[in-house]
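The values are calculated or read from the model by the stated rules, or taken from the named source; none is laboratory data. The structure presented is a predicted model; accordingly, all values stated were derived computationally and were not measured. We place every Cβ from the backbone using ideal geometry, glycine too, and count neighbours over all the protein chains shown. Accessible surface areas use protein heavy atoms only, side chains included; no ligands, DNA or RNA. Shrake-Rupley method; radii C 1.70, N 1.55, O 1.52, S 1.80 Å.
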Amino acid sequence: MSRRPKILGGERRRDLAVLVALSFGQAGAMVATAFATRDVFVVLRGGGEAMPIGALISIAAGGLTLFACRALEGRVGERAGQSYAAEIRRALFLHVSQMPLSAVARRRSGALALRYVGDLAAFKGWIARGLSRLISALITIPSALVVLYLLEPLLLVAAIGPLCAVMAGILVMSAPLGHAHSDLRSRRARLAAAMAERLPQGIQLRRSGRLRTELRALKGWSGEVAKAGVRRESLAAAVRALPDAGAGLAGALCLGACVHLGLGIPEAVAALTALTLVAWPLRQLADVADRRRGFLVASAKLDRLLDAPRMPALGRPGGRPNAPAIRVDAAEMPGGTRLDFVLEQGGCRRLAGPQGSGKSALLLTLAGFDAPIPARRIQVFGRAPGALAPGEVLYLGRPAPGLAGSLRREATLGIGRRPDDAEIQGALEAAALGAAVARIGGLAGKVAEGRRNLTASEQAGLLLARGLLARPKLALVDADEIGLGRKELGRLLDHLTSLGAAVLIVTSDAEAALRLGPAILLERGLAPALKAECDL
């Protein structure tokens, strides 16, 4: 079952009902215009001096009605499309926020962002322009055919063949149009992902001698996108042009039928008016086929993303009062170690081991950021990792959350409280970030995406400041990964121990090792993993 929001959900059901009503209004205006046109030509043929006021008013009123209905149709359709796009954005963000960090990391950022841009445009376009026009065409086309039948049944017989051929042609061409949509979106996604990776590294790639190579690659990718785009647009243009060919052929056959049957000029003009009015919804129907294929391709891609594994639902947040801060039983670590240990509330331990032994992976699991490591039991305060309320577990590592925006927000992100500016300023000063604060313009100054306008030491200091502002029950600190020095690490430990927080920290600093005592040692293929001491 698809996790996509329902098209008829919420107020969109009412909007679609309004679209149906507007389509009936257009159909009524078309019928009245066709017959009023016939009545005017009857008067003209008879040379009557009386002005056909009623017929002229009907023609004018029909035109104004068509204007009003089509303008409202666009407004209501756009509102429904925007509503659906907003629901998809919400569903997509909620789903990605429940995906394990490792699953998100396997997806290229450009391709993931395309779900928010290109695919959402396809969803909105289908509701705002596709579905609304389909409803209009399904009502107005039969109404025009009824006009032909009422004028002369044989006129309907003459016109029905070309019009059915147009609809059949639209259906036949929709399959290759769908393949063209899929090919274009795949190539655009590859180009977006490649450029999202390369653009932030532009100067590095130039200085590395990669400029010509990357330009050749860009030219190749752009050529593939252009080729796929031309093919899709050629098919779409051919589909949109079919109604013009059908209307011309139907017009010729209807005029021939009028001559054969000896019908007068009024009937011939009324028939042509009906065919002219039916050409508009037929063109809309052709555009519907294009948008429908784009919608189906985007839906398939979105469904695959929404079907990606998510972290399990954890219920109401909160831990058990007397449970250990961390309990790990029979955990199979990435390096091959079998890990068993307990960290009591208020305890401080160091996690040590060679590169690739799973230290960072364990911290991410305990923080609830990633899928659980295979184990008999991994608990944080007696609950599954991630079950505690925001702010109760502090994670400081490279994947710690960060958003482009004010320094104030970046320093307090994820700590579960709102300190005042004086406290934030004090923490930043304690983290030796006074110069950085002045450089970027104070607490309201902007931190760039990925903290790119901060040096490596300033990024480490920012995470230190976040730790000094936090009041967690458990702190998980990947000190080696973020580059916390001996002095900064000591200040953070002083703060956390003064709070009575439990601390699990990855560090190779000798002074911290002496302070924290026996380490939890991860080594490839060793069991048990908990040793009395770890030699650095």
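Quick notes on this structure:
- Against the test of being under 21 Å from Pro399 (Cα atoms) and open to solvent by 30 Å² or more (accessible area, probe 1.4 Å), the options Pro312, Pro321 yield a single qualifying residue, Pro312.
- Residue list for the stretch 255-264, restricted to those being at pLDDT below 80 and part of a helix (DSSP H, G or I): none
- Residues in the stretch 298-313 that are in a loop (DSSP other than H, G, I, E, B) and among the small types (Gly, Ala, Ser): Ala308, Ala313.
- The stretch 174-199: number of residues that are open to solvent by 40 Å² or more (accessible area, probe 1.4 Å), modelled with pLDDT under 85 and over 22 Å from the mean Cα position of the chain (by Cα): 1
- Residue in the stretch 437-448 that is basic (Lys, Arg), farther than 14 Å from Arg409 by Cα, open to solvent by 30 Å² or more (accessible area, probe 1.4 Å) and touching a residue at least 12 places away in the same chain (Cβ under 8 Å) present: no
- Per this entry, Ala352 is not counted among residues that are of a type in the set (A, V, I, L, M), more than 14 Å from Pro312 (Cβ to Cβ) and in contact with a Pro (Cβ under 6 Å, 6 or more places away or on another chain).
- Residue within the stretch 248-261 that is under 27 Å from Trp126 (Cα atoms), touching a residue at least 24 places away in the same chain (Cβ under 8 Å), of a type outside the set (Phe, Trp, Tyr) and surrounded by 15 or more Cβ atoms within 10 Å (Cβ to Cβ) present: no
- Residue that is farthest from Gly450 (Cα to Cα) [pool: residues in the stretch 200-209 that are over 32 Å from the mean Cα position of the chain (by Cα) and open to solvent by less than 100 Å² (accessible area, probe 1.4 Å)]: Gly209
- Among the conditions (1) open to solvent by 60 Å² or more (accessible area, probe 1.4 Å); (2) at pLDDT 85 or above, the only one that Arg45 does not satisfy is (2).
- Residue count for the stretch 263-299, restricted to those that are open to solvent by 40 Å² or more (accessible area, probe 1.4 Å), farther than 30 Å from Ala121 by Cβ and not aliphatic (A, V, I, L, M): 2
- The strands (runs of 3 or more DSSP E) located wholly in the stretch 440-536 that include 2 or more residues which are at pLDDT below 90 occupy 519-521.
- You will find that of Leu484, Leu489, Leu521, Leu474, the residue that is under 13 Å from Tyr395 (Cα atoms) and either out of contact with any Gly (no Cβ under 7 Å at 6 or more places or on another chain) or open to solvent by 10 Å² or more (accessible area, probe 1.4 Å) (or both) is Leu474 and no other.
- Filtered residue count, the stretch 93-118, keeping only those that are modelled with pLDDT under 70 and crowded, with 17+ Cβ neighbours inside 10 Å: 6
- Failed item, numbered, when Ile378 is tested on (1) outside any loop (DSSP other than H, G, I, E, B); (2) within 20 Å of Ala479 (Cβ to Cβ); (3) of a type in the set (A, V, I, L, M, F, W, C): (2)
- All positions within the stretch 381-400 that are assigned to a strand (DSSP E or B), modelled with pLDDT of 90 or more and either open to solvent by 40 Å² or more (accessible area, probe 1.4 Å) or of a type outside the set (A, V, I, L, M) (or both): Tyr395
- Checking each residue in the stretch 119-161 for being open to solvent by less than 30 Å² (accessible area, probe 1.4 Å) and more than 28 Å from Leu296 (Cβ to Cβ) picks out Ser143, Ala144, Val147, Leu148, Leu151, Leu155, Ala158, Ala159.
- Answer from Ala168, Ala194 - the residue that is closer than 30 Å to Val278 by Cα and of a type in the set (A, V, I, L, M, F, W, C): Ala168
- Any pair with Cβ under 7 angstrom, 6 or more apart, that starts in the stretch 353-376 at a residue that is over 16 Å from Arg398 (Cβ atoms) and without any contact (Cβ under 8 Å) to a residue 60 or more places away in the chain and ends at one that is open to solvent by less than 40 Å² (accessible area, probe 1.4 Å) and among the β-branched types (Val, Ile, Thr): Pro372/Thr365; Pro372/Ile378; Ile373/Thr365; Ala375/Val328
- Restricting attention to the stretch 336-371, the residues being part of a loop (DSSP other than H, G, I, E, B), open to solvent by 20 Å² or more (accessible area, probe 1.4 Å) and touching an Asp or Glu at 6+ places or on another chain (Cβ under 9 Å) number 3.
- Test for Ser83: is it more than 28 Å from Ala128 (Cβ to Cβ) and either open to solvent by 80 Å² or more (accessible area, probe 1.4 Å) or among the polar types (S, T, N, Q) (or both): no
- Cβ-Cβ under 9 Å pairs, at least 6 apart or on other chains, the stretch 12-29 side within 14 Å of Leu131 (Cβ to Cβ), far side among the small types (Gly, Ala, Ser) and open to solvent by 20 Å² or more (accessible area, probe 1.4 Å): Arg12/Ser83; Asp15/Ser83; Leu22/Ala68
- Taken as a whole, the stretch 405-416 holds at least one residue that is surrounded by fewer than 18 Cβ atoms within 10 Å (Cβ to Cβ), part of a loop (DSSP other than H, G, I, E, B) and at pLDDT below 90.
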